[in-house]
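The block underneath contains the structure these notes are about, expressed in structure tokens.
The values are calculated or read from the model by the stated rules, or taken from the named source; none is laboratory data. Values in this document were obtained by computation on a predicted structure and should not be read as measured data. Every residue, glycine as well, gets a Cβ built from its backbone with ideal geometry; the counts of neighbours run over all protein chains shown.
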Amino acid sequence: MSTTTAKEVILTGDRPTGPLHLGHYVGSLRQRVELQNRYEQFIIIADAQALTDNASNPEKIRQNILEVTLDYLAIGIDPKITTIFIQSLVPELAELTMYYLNLVSVARLQLNPTVKDEIKQRQFGGGVPAGFFCYPVSQAADITAFKANFIPVGADQIPVIEQSAEIVRNFNRTYNCTVLVEPKALLSNFSRLPGTDGKGKMSKSSGNAIYLCDNADTIKNKVKSMYTDPTHLKVSDPGRIEGNAVFIYLDAFDDDKKALSELKEHYQRGGLADTTVKNRLTDVLIHKLSPIATQRKEYAKDLAQIMAILKKGTEEAKEVAAKTLCEVKNAMQINYFSHPIKIDPTFNS
Ligand code: ATP
Ligand code: MG
């Protein structure tokens, strides 16, 4: 007798607002390549969410759908075992969002620290778009539609995942069911990679990113301008490695841990120039990223194939999401035709 059990589900994804960067790679992408073999993995290209702060620039989103997909394939996401799909082409997600919006208060949305920070950072001149303010609810729809158990994300997304879990509990309690599954965040060791400016997290919107598709010269120039230890003025000064973005990147990408630990000791003792450490980082990054760039170029030769991958993934995702939506509507008793409304003799009496 077969004893196979269904694999647990991973839902993860990115906003197509620019190509993917080192923060994505160590915060989430690297894990996805390993996880795809052990879990049923869905990757959402969150174009509808990206429009919440880019409404006037759909062309940017359109273009980046392709860029992000090329990045996925280049790092080793296998479309035969991972389902890659486009959010807006699965309208079931928008419908779920509508129902979940009724289970969250405006006050609770206002408390979300991630959204608060992002609103501040984006300086929305004409006011915060309601869609942006509510994106954690649409994220809950994305997650629950696939009954995802785990979400590999960077630390910035923890409050958003918590909010999804709250919505799940509220839904199951309100409609006295077990339809929705509570998600958990999966964090990597580098869940908040700083930007090249050493400030905050590396992010597309902050202009402090090294992209997976950057060429050797661009990498070199970006590393050259990186923030190090501001008190390390002369080569002979002892330097600090804590909070020093160059060393944080080396920790994340340098596979020769022994040489790295000697480099760190030397820097802390004094006598090691920032340029030497930066040259090492440049070499390490070029070594890591050049095979990705080569793969990317290969995939970019056949864009019809990329579109076919997205189409197939989107069709598969739509099927799963439609099944969950049906269960959700049954639980809410709003599937009026499959469960017809009957006359209630006590109604209005
Ligand atoms: P945007 O500026 O448009 O919001 P972003 O650079 O923040 O772009 P997202 O598409 O919002 O990227 O994030 C996709 C995923 O990558 C999320 O899970 C997020 O937590 C993770 N991530 C983004 N930046 C980092 C980072 N610097 N370190 C670790 N993980 C990150
Ligand atoms: Mg972001």
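Taking region 187-217, which residues are touching a residue at least 12 places away in the same chain (Cβ under 8 Å) and either more than 16 Å from ligand 1 (Cβ to nearest atom) or over 24 Å from Ala245 (Cβ atoms) (or both)?
Asn215, Ala216
Using beta carbons and a limit of 7 Å, which pairs, at least six apart or on different chains, have the first residue in region 123-137 and assigned by TED's automatic domain parsing to the domain that holds Ala94 and the second one loosely packed, with under 14 Cβ neighbours inside 10 Å?
Listed pairs, sorted by first residue: Pro129/Ala55.
For Gln110, work out the one condition from (1) touching a Lys or Arg at 6+ places or on another chain (Cβ under 8 Å); (2) within 16 Å of ligand 1 (Cβ to nearest atom); (3) in a helix (DSSP H, G or I) it doesn't fulfil.
(2)
Any residue at all in region 63-73 that is over 17 Å from the mean Cα position of the chain (by Cα) and within 15 Å of ligand 1 (Cβ to nearest atom)?
First, pick out the residues of region 63-73 that are over 17 Å from the mean Cα position of the chain (by Cα): 63.
Still in the list and also within 15 Å of ligand 1 (Cβ to nearest atom): 63.
Yes - at least one qualifying residue is present in region 63-73.
Among the candidates Lys311, Lys318, Lys288, which residue alone is outside the structural domain of Lys147 (by TED's automatic domain parsing) and either under 30 Å from Thr82 (Cβ atoms) or not β-branched (Val, Ile, Thr) (or both)?
Being outside the structural domain of Lys147 (by TED's automatic domain parsing) and either under 30 Å from Thr82 (Cβ atoms) or not β-branched (Val, Ile, Thr) (or both) holds for just one of Lys311, Lys318, Lys288, which is Lys288.
Pull out all pairs, ordered by first then second residue, where Cβ-Cβ is under 6 Å, the residues are six or more apart or on different chains, the first lies in region 102-121 and is in contact (Cβ under 8 Å) with a residue 40 or more places away in the chain and within 16 Å of ligand 2 (Cβ to nearest atom), and the second is part of a helix (DSSP H, G or I) and among the acidic types (Asp, Glu).
Matching pairs, first to second residue: Thr114/Asp156.
Any idea which of Val246, Val223 is among the aliphatic types (A, V, I, L, M), at pLDDT 95 or above, touching a helix residue (DSSP H, G or I) at 6+ places or on another chain (Cβ under 6 Å) and within 11 Å of Gly198 (Cα to Cα)?
The conditions single out Val246.
Could you grab me the full set of residues in region 241-265 that are of a type in the set (Val, Ile, Thr) and outside any helix (DSSP H, G or I)? First the steps, then the outcome.
Looking only at region 241-265, we keep the residues that are of a type in the set (Val, Ile, Thr), and these are 241, 246, 248.
If the condition is that a residue be of a type in the set (Val, Ile, Thr) and outside any helix (DSSP H, G or I), then Ile241 is the only one that fits.
Hey, among Thr144, Thr114, which residue is at pLDDT below 95 and surrounded by 17 or more Cβ atoms within 10 Å (Cβ to Cβ)?
Answer to the check: Thr114.
Determine whether Gln36 is in the same structural domain as Ala155 (by TED's automatic domain parsing), in contact with a Ser or Thr (Cβ under 7 Å, 6 or more places away or on another chain) and more than 14 Å from ligand 2 (Cβ to nearest atom).
Details: in the same structural domain as Ala155 (by TED's automatic domain parsing): yes; in contact with a Ser or Thr (Cβ under 7 Å, 6 or more places away or on another chain): yes; more than 14 Å from ligand 2 (Cβ to nearest atom): yes.
Criteria met by Gln36.
Looking for whichever is of a type in the set (Val, Ile, Thr) and either within 14 Å of ligand 2 (Cβ to nearest atom) or not assigned by TED's automatic domain parsing to the domain that holds Leu93 (or both) here; the options are Val179, Val153. Which one fits?
Numbers: Val179 fails: either within 14 Å of ligand 2 (Cβ to nearest atom) or not assigned by TED's automatic domain parsing to the domain that holds Leu93 (or both).
On inspection, the qualifying residue turns out to be Val153.
May I ask you to list pairs of residues, at least six apart or on different chains, whose Cβ atoms are under 9 Å apart, with the first in region 324-349 being assigned by TED's automatic domain parsing to the domain that holds Pro91 and assigned to a helix (DSSP H, G or I) and the second being of a type in the set (Lys, Arg) and surrounded by 10 or more Cβ atoms within 10 Å (Cβ to Cβ)?
Pairs that qualify, where the first residue is assigned by TED's automatic domain parsing to the domain that holds Pro91 and assigned to a helix (DSSP H, G or I) and the partner is of a type in the set (Lys, Arg) and surrounded by 10 or more Cβ atoms within 10 Å (Cβ to Cβ), are Thr324/Lys147.
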